[in-house]
1. Evaluate region 111-133: report whether one residue or more is of a type outside the set (A, V, I, L, M), in contact with a helix residue (DSSP H, G or I) (Cβ under 6 Å, 6 or more places away or on another chain) and either closer than 25 Å to Gly182 by Cβ or without any contact (Cβ under 8 Å) to a residue 24 or more places away in the chain (or both).
2. Is there any pair with a first residue in region 45-63 that is at pLDDT 95 or above and a second that is part of a helix (DSSP H, G or I) and open to solvent by less than 100 Å² (accessible area, probe 1.4 Å) whose Cβ atoms are under 9 Å apart and which are 6 or more apart or on different chains, and what are they?
3. Considering only residues that are in contact (Cβ under 8 Å) with a residue 24 or more places away in the chain and either open to solvent by 30 Å² or more (accessible area, probe 1.4 Å) or touching a His at 6+ places or on another chain (Cβ under 8 Å) (or both), which ones fall in region 169-185?
4. Taking Thr217, is it open to solvent by 60 Å² or more (accessible area, probe 1.4 Å) and either assigned to a strand (DSSP E or B) or at pLDDT 85 or above (or both)?
Amino acid sequence: MTAFTDRTLPAPWEECDVCGKAAGLPSTTGAHLTVCGPCAAQQAIVNAAEESLKALAAPVLGAWAAQWTAAGVPLDELDAITEHLSGAGMCGDYAQAYRLKALRFLRREYAAPVFEKSAPERVTLNPEDLPTLTGYTLADPARGVLRPYFLDSEGTPHTFPLACDALTVALPGGDALLIFTGLHGATDLHPVPGLARAFRVVAALLPQVCSALNPATQQSEDLMSFIP
């Protein structure tokens with residue numbers, strides 16, 4: 001086998017500009033570097049990590065900036081916050097130590113979770129066990145009733161949560177089942193103590209139920225008590 005030196009390597013081989021220990025080929029990244037196989041693989045991984053950070057951070061930072069500039073925080077104040085959090089205002093060695101400490105903590109705090117495949121859920125609803133809506137009361141702001149509500153056969157009032165997805169199932173005789181399935185397409189049928197997820201509705205109340213499910217003006221409401 002012919003012995004070569006860094007000066008006599010045959011084309012297209014050249015000394016690796018990164019490690020200087022092996023022969024390599026011109027980089028395909030446009031950086032005008034010669035890289036050996038291991039260094040090229042490392043470079044590809046680092047580039048992928050950089051692109052991943054950009055893809056993950058851009059929507060979050062963009063939304064954060066849009067939210068707080070809309071709230072009245074000047075853009076230069078937001079820039080000062082990012083400078084502080086990144087340690088950009090520190091001298092080189094301290095800034096690097098600050099970032100490394102933060103990265104070590106964050107990689108532990110947000111490490112990829114271990115998970116198992118969940119089994120398909122099976123939820124059984126017995127119409128006979130559901131509260132039956134039999135009465136309806138209109139909203140009356142003068143009396144402090146800001147939203148219409150329904151009464152079941154036991155006289156318990158129920159106000160429909162806004163913005164929740166619902167499934168209506170017609171029953172023989174004209175009655176129907178009203179099942180709240182979740183929020184924005186996210187199905188969730190787990191029971192919540194004190195809150196009904198489904199009702200049986202008498203036929204005479206169906207128009208009022210449909211109206212309550214599609215209010216002309218959606219109001220802001222904390223849904224966390226309904227959808228965990």
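1. Filtering region 111-133 for residues of a type outside the set (A, V, I, L, M) gives 113, 115-118, 120-122, 124, 126-129, 131-132.
Next cut, in contact with a helix residue (DSSP H, G or I) (Cβ under 6 Å, 6 or more places away or on another chain) only: none.
No, that holds for no residue.
2. If the second residue must be part of a helix (DSSP H, G or I) and open to solvent by less than 100 Å² (accessible area, probe 1.4 Å), the pairs left are Leu61/Thr82.
3. Within region 169-185, Leu171, Gly173, Gly174, Asp175, Leu183 qualify.
4. Working: open to solvent by 60 Å² or more (accessible area, probe 1.4 Å): yes; either assigned to a strand (DSSP E or B) or at pLDDT 85 or above (or both): no.
No: the conditions fail for Thr217.
The values are calculated or read from the model by the stated rules, or taken from the named source; none is laboratory data. Source: prediction; values computed, not measured. Glycine also receives a Cβ, built like all others from the backbone with ideal geometry; neighbour counts cover every protein chain displayed. Just the protein is used for accessible areas: all its heavy atoms, side chains included, with ligands, DNA and RNA removed. Shrake-Rupley method; radii C 1.70, N 1.55, O 1.52, S 1.80 Å.
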